[in-house]
Amino acid sequence: LRYESKHAFLKALVKRNKCFKNICKTIARKHQTHMAFAMSSSTYMATGLVADFKVAEENVVQKFPSHIQASIVDKELEVGEEVRVDNVQYQIKNVVMLEDDDCALGEVGAVCLGDAGRSVCLVVNVLQSTYDAHTNAYTTQPTESWRIVGVETLRDFKPLYYVSNAVGCCRVVVLCHA
């Protein structure tokens, strides 16, 4: 019987430790060091496991500019509405943080699968955003700029929470995960 196997790592630390003066502090520090090391590795949360791909209708691609349509055809991408990658759900209308110098935000227009389902990329509309320190949120408006970005190149791998039509015709994106 495996009694509380989730604590096996901590039990092993206690067995190896020789000083028991402040065991709680020692275990906490070693656990934080272990998690920091694990999260800094490039393989943390990056199994690339794709599940629950929902194929989009044919007319979804028609709303994109011609250079995006050509890229989709050239790369032989399968266009969809939503996909789950490593237990993170990406779907149309999500807001993601792009890997740029400034905090560029993008609204997902479509989800694409490539390389026979081994790679996931997003067709995003780059949003014009202004940061409001009082509300700790971005006020966004769509632009004419579109990009295809890989999920692995996002600054933050989880979509952000947004409040639709909160300020007139603009959308407010809060800096927390959806």
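The values are calculated or read from the model by the stated rules, or taken from the named source; none is laboratory data. Everything numeric here is computed off the predicted structure, so don't read it as measured data. Virtual Cβ from ideal backbone geometry, glycine too; neighbours counted across all protein chains shown. What goes into the accessible areas is simple: the full protein's heavy atoms, side chains included, and nothing from ligands, DNA or RNA. Shrake-Rupley method; radii C 1.70, N 1.55, O 1.52, S 1.80 Å.
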Problem set entry | Selection count where residues are open to solvent by 70 Å² or more (accessible area, probe 1.4 Å) and assigned to a helix (DSSP H, G or I), scope segment 18-39 | 10
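Lys25: modelled with pLDDT of 85 or more and over 24 Å from the mean Cα position of the chain (by Cα), yes or no? Can you show your working first?
On the way: modelled with pLDDT of 85 or more: yes; over 24 Å from the mean Cα position of the chain (by Cα): yes.
For Lys25, the condition - modelled with pLDDT of 85 or more and over 24 Å from the mean Cα position of the chain (by Cα) - is met.
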Exercise. Is segment 110-120 home to any residue that is within 17 Å of the chain's Cα centre (by Cα) and at pLDDT below 85?
Worked result: yes
Exercise. In this structure, is Ala110 closer than 21 Å to Val60 by Cβ and buried (at least 19 other Cβ atoms within 10 Å of the Cβ)?
Worked result: yes
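Out of segment 42-96, which residues are in a loop (DSSP other than H, G, I, E, B) and either at pLDDT 85 or above or touching a Ser or Thr at 6+ places or on another chain (Cβ under 7 Å) (or both)?
Phe64, Pro65, Lys75, Glu76, Leu77, Asp86, Ile92, Lys93, Asn94
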